[in-house]
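Take a look at the structure set out below.
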Amino acid sequence: MGQPVMQWQIMSKNPDKTAAFYAKLFDWKINTDNALNYRVVDTGSKRGIGGGIWPAPPEGHGMVTLYVEVDDVARFVEKAKAVGGKIVIPPQKLPDGDEMAVILDPDGLPVGLFKPANQNKGS
């Protein structure tokens, strides 16, 4: 299967303002019609990967995170810890059934681990 980068996410202290900025700058379309009111970004291109905008937690700061698809989020969290990573958001299931976690690499850069709800076994 490999572990492809599937998505990017901008975390922002003011996600509505951030979404409006990128929409005006790049003509991106922002859609919030989902269970979490997540700001899904449509870049208008078939090239590249999709992404979205999410509020940064009160104690957090703005950042960009890449999400890597894995077949077992908990296993990759444990693997990350074993090779020097730290856990920012432990494995969890989202309302739509997707699973995710966020780790920090040895330089402190965030990397998301993501398993879609509809991920086929063995693909």
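The values are calculated or read from the model by the stated rules, or taken from the named source; none is laboratory data. Since the model is a prediction, treat every value here as computed from it, not as a measurement. Glycine also receives a Cβ, built like all others from the backbone with ideal geometry; neighbour counts cover every protein chain displayed. Note: areas computed on protein heavy atoms with side chains; ligands, DNA, RNA excluded. Shrake-Rupley method; radii C 1.70, N 1.55, O 1.52, S 1.80 Å.
Details
- Each DSSP beta bridge with both residues in segment 5-121 is either parallel or antiparallel, and the antiparallel ones are about 70%.
- Annotation: for a label point projected 7 angstrom from Cα along Cα→Cβ of V40, residues of segment 91-118 with backbone N closer than 12 Å are 96.
- Heavy atoms of E99: accessible area, 1.4 Å probe, square angstrom to 10: 60
- Estimated from helical segments only, the mean residue ellipticity of the chain at 222 nm is -5500 deg cm²/dmol, where each DSSP H run of four or more residues counts as -39500 (n - 2.57).
- Rolling a 1.4 Å probe over the protein heavy atoms of the chain, with every protein chain left in place, gives an accessible area that is 56 percent carbon and sulfur.
- Nearest 10 degrees, 0 to 90: helix 73-82 Cα axis against the chain principal axis: 70
- With the convex hull of the Cα atoms taken as the outline of the chain, the averaged projected area works out to 8.3 nm².
- Helix axis angle, 15-26 relative to the chain longest principal axis, alpha carbon, degrees: 70
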